[in-house]
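Data block below; observations after.
The values are calculated or read from the model by the stated rules, or taken from the named source; none is laboratory data. The model shown is predicted, which means the values in this text are computed figures rather than measured ones. Quick reminder, even Gly has a Cβ in these numbers, built from the backbone with ideal geometry, and neighbours come from all protein chains shown.
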Amino acid sequence: MKQSELFTKTLREAPKDEDAVNAQLLIRAGFIDKLMAGVYTMLPLGLMVRNKIEQIVREEMAKIGGNEIVMPVLQPMANWEKTGRWNSLDVLFKFTSYYTKNDYALGPTHEEVISPLLKKFILSYKDLPRYVFQIQNKFRDEPRSKSGLLRGREFLMKDLYSFHANQKDLDKYYELVIKTYMKMYKRLGLGGNTYVTFASGGTFSKYSHEFQTVADAGEDTIYICDKCKIAVNKEIIKEQKVCPKCGGSKLREARSIEVGNIFKLSNKFSAPFGLSYRDERGNMNDVVMGCYGMGISRLVGTIVEVSHDDRGIIWPESIAPFRFHLVELRKGIGRDLYRRLQAKGDNVLYDDRELSAGEKFADADLIGIPYRLVVSEKTGKKIEVKKRDSKNTKLVGYGTISKLS
(Lines give C-alpha, C1' and ligand atoms only; values in the text may rest on other atoms or scores of the structure.)
Protein backbone atom coordinates (compact mmCIF):
# COMPACT_ATOMS: atom_id res chain seq x y z
CA MET A 1 0.00 0.00 0.00
CA LYS A 2 1.21 3.50 -0.79
CA GLN A 3 1.30 5.71 2.27
CA SER A 4 0.17 8.66 0.17
CA GLU A 5 -3.13 6.83 -0.37
CA LEU A 6 -3.91 6.61 3.36
CA PHE A 7 -6.48 9.27 4.26
CA THR A 8 -5.17 9.33 7.84
CA LYS A 9 -2.26 11.37 9.14
CA THR A 10 0.12 11.03 12.06
CA LEU A 11 0.12 13.53 14.92
CA ARG A 12 3.21 15.03 16.54
CA GLU A 13 1.51 15.65 19.91
CA ALA A 14 -0.47 13.24 22.07
CA PRO A 15 -4.18 14.07 22.50
CA LYS A 16 -4.74 16.03 25.69
CA ASP A 17 -7.78 14.00 26.76
CA GLU A 18 -5.95 10.65 26.79
CA ASP A 19 -3.69 9.49 29.63
CA ALA A 20 -3.15 5.87 28.56
CA VAL A 21 -0.09 5.09 26.44
CA ASN A 22 -2.06 2.79 24.14
CA ALA A 23 -4.60 5.51 23.31
CA GLN A 24 -1.96 8.20 22.85
CA LEU A 25 0.19 6.14 20.48
CA LEU A 26 -2.65 4.53 18.53
CA ILE A 27 -4.27 7.93 17.91
CA ARG A 28 -0.99 9.65 17.06
CA ALA A 29 0.03 6.87 14.67
CA GLY A 30 -3.34 6.86 12.90
CA PHE A 31 -4.66 3.47 14.05
CA ILE A 32 -7.77 4.67 15.91
CA ASP A 33 -9.85 7.83 16.35
CA LYS A 34 -11.81 8.75 19.46
CA LEU A 35 -15.49 9.49 18.97
CA MET A 36 -16.30 9.86 22.68
CA ALA A 37 -15.22 8.34 25.99
CA GLY A 38 -14.87 4.59 25.57
CA VAL A 39 -15.81 4.56 21.87
CA TYR A 40 -13.24 4.51 19.06
CA THR A 41 -13.20 4.20 15.27
CA MET A 42 -10.80 1.61 13.88
CA LEU A 43 -8.91 3.38 11.10
CA PRO A 44 -7.29 1.41 8.21
CA LEU A 45 -4.05 0.55 10.04
CA GLY A 46 -5.90 -0.32 13.23
CA LEU A 47 -8.34 -2.53 11.38
CA MET A 48 -5.45 -4.40 9.76
CA VAL A 49 -4.02 -5.19 13.18
CA ARG A 50 -7.38 -6.17 14.62
CA ASN A 51 -8.14 -8.40 11.63
CA LYS A 52 -4.85 -10.26 12.12
CA ILE A 53 -5.65 -10.83 15.78
CA GLU A 54 -9.08 -12.12 14.78
CA GLN A 55 -7.52 -14.48 12.25
CA ILE A 56 -5.22 -16.02 14.86
CA VAL A 57 -8.17 -16.44 17.23
CA ARG A 58 -10.32 -18.02 14.50
CA GLU A 59 -7.60 -20.48 13.59
CA GLU A 60 -7.19 -21.62 17.19
CA MET A 61 -10.94 -21.82 17.83
CA ALA A 62 -11.34 -24.03 14.76
CA LYS A 63 -8.64 -26.39 16.11
CA ILE A 64 -10.71 -27.06 19.24
CA GLY A 65 -13.95 -27.62 17.35
CA GLY A 66 -15.46 -24.12 17.41
CA ASN A 67 -18.33 -23.32 15.01
CA GLU A 68 -18.41 -19.59 14.26
CA ILE A 69 -21.66 -17.64 14.28
CA VAL A 70 -22.71 -14.01 14.77
CA MET A 71 -25.52 -13.35 17.23
CA PRO A 72 -27.71 -10.23 17.41
CA VAL A 73 -26.56 -7.23 19.40
CA LEU A 74 -30.19 -6.30 20.06
CA GLN A 75 -31.65 -8.57 22.75
CA PRO A 76 -35.19 -8.78 24.25
CA MET A 77 -35.81 -7.95 27.89
CA ALA A 78 -37.70 -11.26 28.36
CA ASN A 79 -34.51 -13.31 27.98
CA TRP A 80 -32.70 -11.22 30.57
CA GLU A 81 -35.62 -11.52 32.98
CA LYS A 82 -35.45 -15.32 32.71
CA THR A 83 -31.89 -15.30 34.03
CA GLY A 84 -32.59 -12.59 36.61
CA ARG A 85 -30.02 -10.23 35.12
CA TRP A 86 -32.28 -7.50 33.72
CA ASN A 87 -32.10 -5.57 37.01
CA SER A 88 -28.91 -7.01 38.50
CA LEU A 89 -26.35 -6.28 35.76
CA ASP A 90 -25.39 -2.65 36.32
CA VAL A 91 -23.57 -2.13 33.01
CA LEU A 92 -26.53 -3.18 30.84
CA PHE A 93 -27.54 -0.63 28.19
CA LYS A 94 -31.38 -0.62 28.13
CA PHE A 95 -33.90 1.23 26.02
CA THR A 96 -37.55 1.18 24.99
CA SER A 97 -38.60 1.08 21.34
CA TYR A 98 -40.48 4.20 20.28
CA TYR A 99 -42.72 2.13 17.98
CA THR A 100 -43.26 -1.26 19.67
CA LYS A 101 -42.90 0.01 23.26
CA ASN A 102 -40.90 -3.16 23.98
CA ASP A 103 -37.76 -3.07 26.11
CA TYR A 104 -34.40 -4.20 24.77
CA ALA A 105 -30.77 -4.45 25.79
CA LEU A 106 -27.57 -4.00 23.80
CA GLY A 107 -25.59 -7.18 24.38
CA PRO A 108 -22.73 -6.93 26.89
CA THR A 109 -22.50 -10.73 26.69
CA HIS A 110 -24.55 -13.44 24.96
CA GLU A 111 -25.59 -16.18 27.39
CA GLU A 112 -29.19 -14.97 27.06
CA VAL A 113 -29.02 -15.52 23.29
CA ILE A 114 -26.85 -18.62 22.90
CA SER A 115 -28.83 -20.79 25.35
CA PRO A 116 -32.25 -20.50 23.65
CA LEU A 117 -30.49 -20.81 20.29
CA LEU A 118 -28.82 -24.13 21.15
CA LYS A 119 -32.06 -25.43 22.66
CA LYS A 120 -33.31 -25.74 19.08
CA PHE A 121 -30.45 -28.04 18.09
CA ILE A 122 -29.48 -30.05 21.20
CA LEU A 123 -32.07 -32.76 21.81
CA SER A 124 -30.19 -35.87 22.93
CA TYR A 125 -26.82 -37.02 24.23
CA LYS A 126 -25.87 -37.67 20.60
CA ASP A 127 -25.89 -33.90 20.00
CA LEU A 128 -23.22 -33.26 22.65
CA PRO A 129 -20.67 -31.84 23.08
CA ARG A 130 -20.96 -28.69 20.97
CA TYR A 131 -18.68 -25.62 20.75
CA VAL A 132 -19.91 -22.30 19.34
CA PHE A 133 -18.10 -18.95 19.18
CA GLN A 134 -18.47 -15.48 17.78
CA ILE A 135 -16.40 -12.31 17.36
CA GLN A 136 -18.66 -9.33 17.81
CA ASN A 137 -19.08 -5.87 19.32
CA LYS A 138 -20.25 -5.69 22.93
CA PHE A 139 -21.78 -2.75 24.78
CA ARG A 140 -21.32 -1.98 28.47
CA ASP A 141 -22.37 1.16 30.28
CA GLU A 142 -19.05 1.55 32.06
CA PRO A 143 -19.26 4.17 34.82
CA ARG A 144 -15.58 5.09 34.35
CA SER A 145 -14.55 4.35 30.81
CA LYS A 146 -10.81 5.04 30.57
CA SER A 147 -7.41 3.65 29.55
CA GLY A 148 -8.06 3.81 25.82
CA LEU A 149 -8.91 0.40 24.38
CA LEU A 150 -8.48 -1.28 27.75
CA ARG A 151 -11.88 -0.21 29.14
CA GLY A 152 -14.48 0.77 26.56
CA ARG A 153 -18.22 1.16 26.32
CA GLU A 154 -18.18 -0.47 22.89
CA PHE A 155 -15.56 -3.12 22.16
CA LEU A 156 -14.90 -6.23 20.11
CA MET A 157 -14.86 -9.57 21.90
CA LYS A 158 -14.54 -13.25 21.13
CA ASP A 159 -16.85 -15.42 23.19
CA LEU A 160 -16.87 -19.20 22.97
CA TYR A 161 -19.56 -21.33 24.60
CA SER A 162 -19.30 -25.06 25.17
CA PHE A 163 -22.17 -27.47 25.82
CA HIS A 164 -21.67 -30.82 27.57
CA ALA A 165 -23.55 -33.81 28.91
CA ASN A 166 -21.69 -33.80 32.22
CA GLN A 167 -19.14 -32.01 34.39
CA LYS A 168 -16.34 -34.42 33.52
CA ASP A 169 -16.60 -33.60 29.83
CA LEU A 170 -16.69 -29.87 30.59
CA ASP A 171 -13.60 -30.17 32.81
CA LYS A 172 -11.66 -31.88 30.02
CA TYR A 173 -12.57 -29.23 27.45
CA TYR A 174 -11.91 -26.41 29.94
CA GLU A 175 -8.29 -27.57 30.31
CA LEU A 176 -7.94 -27.71 26.53
CA VAL A 177 -9.14 -24.11 26.28
CA ILE A 178 -6.55 -22.98 28.84
CA LYS A 179 -3.77 -24.48 26.71
CA THR A 180 -5.26 -22.96 23.56
CA TYR A 181 -5.50 -19.50 25.12
CA MET A 182 -1.85 -19.57 26.16
CA LYS A 183 -0.91 -20.64 22.64
CA MET A 184 -2.87 -17.69 21.21
CA TYR A 185 -1.15 -15.21 23.52
CA LYS A 186 2.21 -16.59 22.44
CA ARG A 187 1.28 -16.12 18.77
CA LEU A 188 0.18 -12.55 19.56
CA GLY A 189 3.54 -11.68 21.13
CA LEU A 190 2.25 -11.70 24.72
CA GLY A 191 3.34 -15.18 25.75
CA GLY A 192 6.31 -14.14 27.85
CA ASN A 193 4.35 -12.07 30.35
CA THR A 194 0.82 -13.49 30.29
CA TYR A 195 -0.25 -15.77 33.13
CA VAL A 196 -3.08 -18.20 33.77
CA THR A 197 -4.56 -16.55 36.84
CA PHE A 198 -6.74 -18.26 39.43
CA ALA A 199 -9.90 -16.29 40.26
CA SER A 200 -13.07 -16.92 42.23
CA GLY A 201 -15.23 -19.63 40.69
CA GLY A 202 -18.48 -18.34 42.13
CA THR A 203 -21.30 -20.84 42.66
CA PHE A 204 -20.27 -23.73 40.47
CA SER A 205 -16.54 -24.38 40.86
CA LYS A 206 -13.72 -23.52 43.23
CA TYR A 207 -11.90 -21.44 40.63
CA SER A 208 -12.51 -19.64 37.38
CA HIS A 209 -9.51 -18.43 35.43
CA GLU A 210 -8.36 -15.11 34.05
CA PHE A 211 -5.49 -14.48 31.67
CA GLN A 212 -3.46 -11.53 32.89
CA THR A 213 -0.69 -9.72 31.03
CA VAL A 214 1.84 -7.95 33.24
CA ALA A 215 1.87 -4.23 32.41
CA ASP A 216 2.41 -1.03 34.35
CA ALA A 217 -0.85 0.35 32.92
CA GLY A 218 -2.90 -2.55 34.27
CA GLU A 219 -5.83 -1.95 36.60
CA ASP A 220 -5.53 -5.39 38.22
CA THR A 221 -3.12 -6.73 40.82
CA ILE A 222 -1.94 -10.34 40.57
CA TYR A 223 0.43 -12.49 42.60
CA ILE A 224 2.77 -14.61 40.49
CA CYS A 225 4.30 -17.96 41.38
CA ASP A 226 7.51 -17.98 39.33
CA LYS A 227 7.97 -21.69 40.01
CA CYS A 228 4.63 -22.71 38.46
CA LYS A 229 4.35 -19.78 36.00
CA ILE A 230 0.79 -19.08 37.19
CA ALA A 231 -0.82 -16.32 39.24
CA VAL A 232 -3.71 -15.64 41.61
CA ASN A 233 -5.78 -12.50 41.62
CA LYS A 234 -6.35 -10.08 44.46
CA GLU A 235 -9.66 -11.69 45.44
CA ILE A 236 -8.06 -15.11 45.90
CA ILE A 237 -4.97 -13.84 47.75
CA LYS A 238 -7.25 -12.54 50.52
CA GLU A 239 -8.46 -16.09 51.12
CA GLN A 240 -5.22 -18.01 50.65
CA LYS A 241 -1.72 -16.56 50.49
CA VAL A 242 -0.22 -19.58 48.69
CA CYS A 243 0.02 -20.84 45.14
CA PRO A 244 -3.02 -23.06 44.35
CA LYS A 245 -0.80 -25.39 42.33
CA CYS A 246 2.33 -26.02 44.44
CA GLY A 247 1.31 -24.57 47.79
CA GLY A 248 4.30 -22.22 47.84
CA SER A 249 3.97 -18.85 49.53
CA LYS A 250 6.63 -16.88 47.63
CA LEU A 251 4.33 -14.92 45.35
CA ARG A 252 5.43 -11.83 43.44
CA GLU A 253 3.02 -8.89 43.16
CA ALA A 254 2.53 -7.24 39.76
CA ARG A 255 0.17 -4.90 37.93
CA SER A 256 -1.64 -6.51 35.00
CA ILE A 257 -4.25 -6.24 32.26
CA GLU A 258 -6.94 -8.91 31.99
CA VAL A 259 -6.95 -10.18 28.40
CA GLY A 260 -9.30 -13.14 28.82
CA ASN A 261 -11.46 -15.04 31.28
CA ILE A 262 -13.14 -18.45 31.35
CA PHE A 263 -15.88 -19.91 33.56
CA LYS A 264 -17.62 -23.19 34.27
CA LEU A 265 -21.30 -22.22 34.20
CA SER A 266 -22.90 -25.57 35.10
CA ASN A 267 -26.65 -25.12 34.36
CA LYS A 268 -26.89 -21.44 35.30
CA PHE A 269 -27.91 -20.42 31.77
CA SER A 270 -29.25 -23.72 30.45
CA ALA A 271 -31.90 -24.34 33.13
CA PRO A 272 -33.76 -20.99 32.72
CA PHE A 273 -34.28 -21.70 29.01
CA GLY A 274 -35.01 -25.41 29.31
CA LEU A 275 -31.81 -26.30 27.47
CA SER A 276 -31.72 -30.02 28.23
CA TYR A 277 -31.00 -33.34 26.55
CA ARG A 278 -32.28 -36.90 26.71
CA ASP A 279 -29.62 -39.33 27.92
CA GLU A 280 -29.07 -43.00 26.97
CA ARG A 281 -31.71 -44.12 29.49
CA GLY A 282 -34.29 -41.64 28.24
CA ASN A 283 -33.96 -39.25 31.18
CA MET A 284 -33.88 -35.48 30.70
CA ASN A 285 -30.85 -33.56 32.04
CA ASP A 286 -29.74 -29.94 31.98
CA VAL A 287 -26.93 -29.22 29.54
CA VAL A 288 -23.68 -28.29 31.33
CA MET A 289 -22.07 -25.11 29.93
CA GLY A 290 -18.75 -23.30 29.88
CA CYS A 291 -17.93 -19.83 28.55
CA TYR A 292 -14.61 -18.45 27.37
CA GLY A 293 -14.11 -14.73 26.67
CA MET A 294 -11.29 -12.80 25.04
CA GLY A 295 -11.25 -9.05 24.37
CA ILE A 296 -10.04 -8.53 20.79
CA SER A 297 -9.91 -4.74 20.81
CA ARG A 298 -8.46 -4.82 24.34
CA LEU A 299 -5.64 -7.00 22.98
CA VAL A 300 -4.74 -4.24 20.50
CA GLY A 301 -4.33 -1.81 23.39
CA THR A 302 -2.55 -4.32 25.62
CA ILE A 303 0.05 -5.15 22.96
CA VAL A 304 0.84 -1.45 22.58
CA GLU A 305 1.14 -1.03 26.36
CA VAL A 306 3.75 -3.78 26.61
CA SER A 307 5.49 -3.22 23.26
CA HIS A 308 6.51 0.38 22.68
CA ASP A 309 9.36 2.81 23.34
CA ASP A 310 9.69 6.58 23.54
CA ARG A 311 9.47 6.84 19.74
CA GLY A 312 6.31 4.82 19.17
CA ILE A 313 4.75 1.36 18.81
CA ILE A 314 6.72 -1.87 18.24
CA TRP A 315 4.32 -4.37 16.66
CA PRO A 316 4.97 -8.13 16.85
CA GLU A 317 5.40 -9.40 13.31
CA SER A 318 2.39 -11.74 13.63
CA ILE A 319 -0.11 -8.88 13.88
CA ALA A 320 1.69 -5.85 12.38
CA PRO A 321 -0.34 -4.07 9.67
CA PHE A 322 2.61 -4.58 7.30
CA ARG A 323 5.86 -6.52 7.51
CA PHE A 324 7.95 -3.87 5.73
CA HIS A 325 7.88 -0.08 5.82
CA LEU A 326 9.62 1.03 2.64
CA VAL A 327 10.94 4.58 2.92
CA GLU A 328 12.27 6.34 -0.17
CA LEU A 329 14.42 9.45 0.28
CA ARG A 330 14.09 10.64 -3.32
CA LYS A 331 10.80 10.68 -5.20
CA GLY A 332 10.22 7.47 -7.16
CA ILE A 333 13.44 5.71 -6.16
CA GLY A 334 11.56 3.03 -4.20
CA ARG A 335 8.99 2.23 -6.86
CA ASP A 336 10.86 -0.72 -8.36
CA LEU A 337 11.47 -2.37 -4.96
CA TYR A 338 7.84 -1.82 -3.99
CA ARG A 339 6.69 -3.65 -7.13
CA ARG A 340 9.15 -6.49 -6.54
CA LEU A 341 7.99 -6.98 -2.97
CA GLN A 342 4.35 -6.92 -4.03
CA ALA A 343 5.03 -9.49 -6.74
CA LYS A 344 6.54 -11.82 -4.13
CA GLY A 345 3.49 -11.41 -1.91
CA ASP A 346 5.33 -9.40 0.74
CA ASN A 347 3.21 -7.08 2.84
CA VAL A 348 4.65 -3.57 2.50
CA LEU A 349 3.72 0.04 3.28
CA TYR A 350 5.47 2.28 0.74
CA ASP A 351 6.22 5.79 2.00
CA ASP A 352 6.11 7.66 -1.29
CA ARG A 353 5.20 11.01 0.31
CA GLU A 354 7.18 14.18 -0.35
CA LEU A 355 8.48 14.76 3.17
CA SER A 356 11.90 15.12 4.76
CA ALA A 357 13.91 12.06 5.78
CA GLY A 358 13.50 13.03 9.44
CA GLU A 359 9.72 13.21 9.16
CA LYS A 360 9.54 9.85 7.42
CA PHE A 361 11.80 8.14 9.94
CA ALA A 362 9.79 9.60 12.83
CA ASP A 363 6.56 8.30 11.31
CA ALA A 364 8.10 4.87 10.72
CA ASP A 365 9.10 4.63 14.38
CA LEU A 366 5.70 5.87 15.54
CA ILE A 367 3.74 3.40 13.37
CA GLY A 368 5.98 0.54 14.47
CA ILE A 369 6.14 -1.83 11.47
CA PRO A 370 8.74 -4.59 12.12
CA TYR A 371 11.23 -3.76 9.32
CA ARG A 372 12.14 -0.34 7.91
CA LEU A 373 13.65 -0.45 4.43
CA VAL A 374 15.38 2.70 3.20
CA VAL A 375 16.33 3.38 -0.41
CA SER A 376 18.22 6.47 -1.51
CA GLU A 377 20.99 7.58 -3.83
CA LYS A 378 23.37 6.87 -0.97
CA THR A 379 22.34 3.20 -0.62
CA GLY A 380 22.77 2.60 -4.37
CA LYS A 381 21.78 -0.94 -5.33
CA LYS A 382 21.51 -1.96 -1.69
CA ILE A 383 18.70 -1.47 0.81
CA GLU A 384 19.25 -0.18 4.33
CA VAL A 385 17.38 -2.44 6.77
CA LYS A 386 16.54 -1.65 10.38
CA LYS A 387 14.38 -3.72 12.72
CA ARG A 388 11.98 -1.58 14.72
CA ASP A 389 13.25 -2.99 18.03
CA SER A 390 16.94 -2.55 17.15
CA LYS A 391 19.29 0.43 16.87
CA ASN A 392 21.43 -1.24 14.22
CA THR A 393 21.13 -0.94 10.46
CA LYS A 394 22.62 -3.06 7.70
CA LEU A 395 22.83 -2.96 3.91
CA VAL A 396 21.44 -5.95 2.04
CA GLY A 397 20.76 -6.93 -1.54
CA TYR A 398 17.32 -6.96 -3.15
CA GLY A 399 17.17 -10.75 -3.20
CA THR A 400 17.52 -11.19 0.56
CA ILE A 401 14.72 -8.88 1.72
CA SER A 402 12.00 -11.55 1.87
CA LYS A 403 14.29 -13.82 3.93
CA LEU A 404 14.71 -11.35 6.78
CA SER A 405 13.91 -12.64 10.25
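Scanning segment 41-64 for residues that are farther than 30 Å from Q3 by Cβ, touching a Leu at 6+ places or on another chain (Cβ under 9 Å) and surrounded by fewer than 18 Cβ atoms within 10 Å (Cβ to Cβ) turns up just one, I64.
Quick check on this structure: which one of M289, M284, M294 is without any contact (Cβ under 8 Å) to a residue 12 or more places away in the chain and either farther than 19 Å from I367 by Cβ or crowded, with 17+ Cβ neighbours inside 10 Å (or both)? Exactly one of M289, M284, M294 is without any contact (Cβ under 8 Å) to a residue 12 or more places away in the chain and either farther than 19 Å from I367 by Cβ or crowded, with 17+ Cβ neighbours inside 10 Å (or both), namely M284.
I262: within 21 Å of E54 (Cβ to Cβ), in the same structural domain as G218 (by TED's automatic domain parsing) and surrounded by fewer than 23 Cβ atoms within 10 Å (Cβ to Cβ), yes or no? For I262, the condition - within 21 Å of E54 (Cβ to Cβ), in the same structural domain as G218 (by TED's automatic domain parsing) and surrounded by fewer than 23 Cβ atoms within 10 Å (Cβ to Cβ) - is met. Only residues that are farther than 19 Å from F211 by Cα, without any contact (Cβ under 8 Å) to a residue 24 or more places away in the chain and out of contact with any strand residue (DSSP E or B) (no Cβ under 7 Å at 6 or more places or on another chain) were counted across segment 242-255, and they come to 2. Hey, among T8, T41, which residue is among the polar types (S, T, N, Q) and in a strand (DSSP E or B)? Answer to the check: T41. Residues in segment 62-104 that are more than 23 Å from R140 (Cβ to Cβ) and in contact with a strand residue (DSSP E or B) (Cβ under 7 Å, 6 or more places away or on another chain): 4 in all.
Could you name every one of the strands (runs of 3 or more DSSP E) located completely within segment 274-319 that has at least 3 residues being assigned by TED's automatic domain parsing to the domain that holds K158, among the small types (G, A, S) and within 26 Å of K138 (Cα to Cα)? Hits in segment 274-319: 288-295. Restrict the check to segment 361-368 and report whether at least one residue is farther than 25 Å from Y185 by Cα, in contact with a strand residue (DSSP E or B) (Cβ under 6 Å, 6 or more places away or on another chain) and surrounded by 15 or more Cβ atoms within 10 Å (Cβ to Cβ). For segment 361-368, residues farther than 25 Å from Y185 by Cα, in contact with a strand residue (DSSP E or B) (Cβ under 6 Å, 6 or more places away or on another chain) and surrounded by 15 or more Cβ atoms within 10 Å (Cβ to Cβ): present. Being closer than 18 Å to P72 by Cα and hydrophobic (A, V, I, L, M, F, W, C) is the filter; apply it to segment 122-163 and report the residue that is surrounded by the most Cβ atoms within 10 Å (Cβ to Cβ). Step by step, filter segment 122-163, then rank; the result is L160. Might you let me know whether segment 168-180 holds any residue that is surrounded by 14 or more Cβ atoms within 10 Å (Cβ to Cβ), assigned by TED's automatic domain parsing to the domain that holds D127 and part of a loop (DSSP other than H, G, I, E, B)? No, every residue in segment 168-180 fails to be surrounded by 14 or more Cβ atoms within 10 Å (Cβ to Cβ), assigned by TED's automatic domain parsing to the domain that holds D127 and part of a loop (DSSP other than H, G, I, E, B). I'd like to know if segment 322-335 contains one or more residues that are within 34 Å of the chain's Cα centre (by Cα) and assigned to a loop (DSSP other than H, G, I, E, B). Checking segment 322-335: at least one residue is within 34 Å of the chain's Cα centre (by Cα) and assigned to a loop (DSSP other than H, G, I, E, B).
Just one of the numbered conditions (1) in a loop (DSSP other than H, G, I, E, B); (2) free of Cβ contacts under 8 Å to residues at least 24 places away in the same chain; (3) more than 30 Å from Q55 (Cβ to Cβ) is not true of F121: (3). When the test is whether a residue is of a type in the set (A, V, I, L, M), over 26 Å from G152 (Cα atoms), modelled with pLDDT under 95 and surrounded by 14 or more Cβ atoms within 10 Å (Cβ to Cβ), I237 passes it.
Within segment 323-336, the residues that satisfy the criterion of being within 17 Å of I369 (Cα to Cα) and either surrounded by fewer than 21 Cβ atoms within 10 Å (Cβ to Cβ) or among the β-branched types (V, I, T) (or both) are R323, V327.
Let's see how each residue does on (1) under 28 Å from E13 (Cα atoms); (2) modelled with pLDDT under 95:
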residue	(1), (2)
H308	yes, no
K331	yes, yes
Q342	no, yes
D352	yes, no
K378	no, yes
R388	yes, no
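For every residue, the table says whether it meets (1) modelled with pLDDT of 95 or more; (2) in contact with a helix residue (DSSP H, G or I) (Cβ under 7 Å, 6 or more places away or on another chain).
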position: D127; (1), (2): yes, no
position: Y131; (1), (2): yes, no
position: N137; (1), (2): yes, no
position: S147; (1), (2): no, no
position: M157; (1), (2): yes, yes
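Looking at the structure I just gave you, is N102 loosely packed, with under 15 Cβ neighbours inside 10 Å, touching a Pro at 6+ places or on another chain (Cβ under 8 Å) and modelled with pLDDT of 95 or more? Criteria met by N102.
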